[in-house]
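Here is the structure we will look at, set down as C-alpha cells.
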Amino acid sequence: MRSFPRSIEEIDMPHHALACLLLLLAAAFPRPAEAAEIRTRLAILGVDHSAQLVAEKDQPGMLAAWLDLVKPAAVCIERPPEQASRQDFYEFTYEIQGIILPWAANNPTELCPIDWMPPVDDQLLGFGLDLDTPLEVRKAQGFQGFLTFPDRKILDWDFLSADDPATLAPLQKWAGEPAPRADRDLPRRLYLYRTFMQAQRIRAIAHKRKGETIVVVVGYFHKPDIEAILKHDPAIELVPAASLGRPDDAAVRAATTAEHRGAILAFNLLGMQATTGVVNWGWVERVLTDFTGANASPEARLFQTRYGVLTGKLSLAEAARSYTAIAGDTASTRPFAWTGVKDQARIDSFFDPFGNLDVRQRAQVELARTLFAQRKDARAQQSLDTLAATLSPRKALQLRGYTPLLKPAAPAAKTP
C-alpha cells in the first residue's frame with residue numbers, strides 16, 4: 001500500500017490546481033501573528049426572553065444603554081434570516097422587537113439574524129404542530145399559552161446573569177444527557193443542532209467583520225454551546241459581556257423610552273402576568289409615575305386604575321367609574337404605546353388575551369372584569385357585547401373565548 005506523500009512535490013496534480021490548494025490552505029489556517037491582528041471581538045449576551053418586562057435589573061433601558069456603551073458594528077439576533085427579512089420575529093423575543101430594533105433604527109449598526117429552525121414539515125413530523133402558529137384561542141398558561149413568569153426568582157434576574165456559570169450549569173447538564181427514552185429526545189437533539197447552526201452563522205459574520213466588535217443577543221441557554229463551538233476559531237476573540245461595561249442608572253434612565261415604560265405597564269398590569277402575583281410593585285409604581293407625567297393620558301389613567309385595583313388602593317366601585325369615564329372619552333380611541341401584537345387579525349398577543357384593542361376598547365374589557373368581580377354578570381356581559389359588535393367576526397369569537405379569564409376564579413373545593 002502506498003503511503004501518504006512525503007512532500008508537496010509528490011502530489012500528482014497540475015501546477016495551477018496545486019497553487020489554488022495552497023492558497024486555500026493559507027486562507028483557512030492564518031499564521032498566529034496574522035490571526036491576532038484580525039481577530040473579531042465577540043460578546044454573547046445571554047437573555048431570558050422578555051424578562052426585561054418583569055426584572056428591574058434587566059429593564060429595557062439597560063440593554064439599550066449597554067448597546068450605546070458598546071457601540072457594536074453588528075448585533076446578531078435570534079431569528080432565521082428568511083423570516084427576519086420579512087420583519088417576522090418570534091412572539092416571545094421582546095428584547096428584539098421592543099429594544100434592539102428601535103435602537104438599531106437610530107444607530108448605524110448591522111442587524112444579523114443567526115437562528116435556525118427546522119422547516120414546518122419537519123416540525124409537524126417531529127412535534128405534530130407548527131411551532132410558530134398559535135392556537136385560535138390560546139391556553140391560559142403553559143405550552144402554547146400566554147407568557148407568564150410564575151417563579152419569583154425572575155424578579156432578581158440581572159442583565160448579566162448569564163455570565164455567571166451557575167446560571168448555565170443546569171442547562172449544560174440537560175444538554176449533555178440524552179433522555180431516558182430515545183423517542184423523547186427530539187427537543188435536546190434539535191437544541192444541539194440549532195445551536196451549532198447559530199454558531200456557524202455567527203462565525204461567518206465574525207469573519208466578515210474582522211477587527212470589529214460584534215454583540216450576539218440570544219437566549220441564555222444557547223450561550224455556553226455557542227462559545228464552546230467558537231472558542232477554537234483563531235479569528236474570534238470571545239469576551240464576557242460584563243467586560244464591556246455596565247451602564248449606570250443615569251444612562252439607563254436616559255435610554256428608557258415611553259414605549260419601554262408602556263410595555264412594562266401593559267405586561268404587568270393588563271397581561272396574564274398580573275394573575276401570578278409575581279410583580280415588582282415598587283418598580284411598576286415608579287414606571288407608572290414616569291409614564292403618566294404631568295398630564296395623564298387615557299392610557300395612563302387606565303394603567304393607574306388597574307394598578308389601584310391590583311394593589312388594593314382602589315375599590316371595585318371606584319374602578320368601574322374610572323373605566324366607564326375612560327371608555328366615554330373621545331381621546332381614548334387610540335392604540336397603546338406598546339402591544340406586542342404580531343398578528344393584527346387576532347384580538348390577543350402572546351402576552352395579553354386582549355392586547356390588540358385600543359384604549360377605549362380595553363376600558364370596556366376592564367369594566368367587564370370589574371363588574372364580574374362585583375357579581376354583576378349581566379352588566380359585565382353587556383359591556384362585552386357592546387364591544388364585540390365593533391369587532392371583526394374572528395376577534396369577536398376570540399373575545400368570547402377569553403371571557404372566562406375575566407371572571408373571578410372559582411373557590412377551591414373543600415376537602416372532606
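In this structure, the residue pairs whose Cα-Cα separation is over 21 Å, taken from Lys173/Lys223; Lys208/Lys342; Lys57/Lys231; Lys71/Lys210; Lys139/Lys395; Lys71/Lys208, are Lys208/Lys342; Lys57/Lys231. Dimensions of region 283-330 based on its C-alpha atoms, expressed as ranges along the principal axes with the largest first, amount to 27, 26, 11 Å.
Give the Rg/Rh ratio for region 33-95, taking Rg as the radius of gyration of the Cα atoms and Rh as the Kirkwood radius, to two decimals. Don't skip to the end; give the middle numbers.
Numbers: Rg = 14.8 Å, Rh = 14.0 Å.
Using only Cα positions, Rg/Rh for region 33-95 is 1.06.
Of the DSSP H helices in the chain, those with a Cα length along their own long axis of 24 Å or more and a mean Kyte-Doolittle hydropathy reaching -1.0 comprise 186-208. Note on surface exposure: His49, His222 rank His49, His222 by accessible area, highest first, 1.4 Å probe.
How many percent of the accessible area of region 255-321 is carbon or sulfur, using a 1.4 Å probe?
Carbon and sulfur together cover 51 percent of it.
Region 277-336 to region 141-159: how many Å between their Cα centroids? Rounded to whole Å, the Cα centres lie 23 Å apart.
With a probe of 1.4 Å, find how much accessible area the chain has per residue, and write the answer as a whole number in Å². Don't jump to the answer; show the numbers that get you there.
Numbers: 21120 Å² over 416 residues.
Result: 51 Å² of accessible area for each residue.
Relative contact order for the chain: what is it in percent, counting Cα pairs under 8 Å that are at least 6 residues apart? Before the final figure, lay out the partial values.
Values: 556 pairs, mean separation 86.7, N = 416.
Rounded, it is 21 percent for the chain.
Per 0.36 nm of contour for each residue apart, how much would the distance between Gln83 and Lys153 grow if the chain were fully extended, relative to their Cα-Cα spacing?
21.9 nm
Toward the positive end of the charge dipole of the chain, with +1 on the Cβ of Lys and Arg and -1 on the Cβ of Asp and Glu, the farthest Cα among Phe149, Tyr90, Val120 is that of Phe149. Report the FRET efficiency, 1/(1 + (r/R0)^6), for Ala325 and Val239, where r is their Cβ-Cβ distance and R0 is 41 Å, rounded to 0.05. Efficiency at R0 = 41 Å is approximately 0.15.
Taken one residue at a time, the phi angles of region 71-86 give Karplus couplings (6.51, -1.76, 1.60, θ = phi - 60°) of 6, x, 6, 8, 10, 8, 10, 8, 6, x, x, 5, 6, 4, 5, 9 Hz. Gly and Pro are set to x.
The share of Cα pairs per 20 Å bin across the chain, counted from zero up to the longest distance, runs 22, 49, 22, 5, 1 percent. Its alpha carbons give region 58-172 an Rg and a Dmax of 16.5, 45 Å. If R0 equals 45 Å, the separation of the Cβ atoms of Lys210 and Asp377 corresponds to a calculated FRET efficiency of about 0.10.
Exposure check, 1.4 Å probe, all protein chains in place: Asp377 carries approximately 80 Å² of accessible surface.
Listed peptides 130-141, 320-331 appear in the order 320-331, 130-141 once ranked by packing, highest mean of other Cβ atoms within 10 Å at the front.
The values are calculated or read from the model by the stated rules, or taken from the named source; none is laboratory data. The shown structure was predicted, so the numbers you read here are calculated from the model rather than taken from an experiment. Don't worry about glycine lacking a Cβ; one is built from the backbone with ideal geometry, like all the others, and counts go over all protein chains shown. Just so you know, the surface numbers come from the protein's heavy atoms only, side chains and all, with ligands and any DNA or RNA stripped out. Shrake-Rupley method; radii C 1.70, N 1.55, O 1.52, S 1.80 Å.
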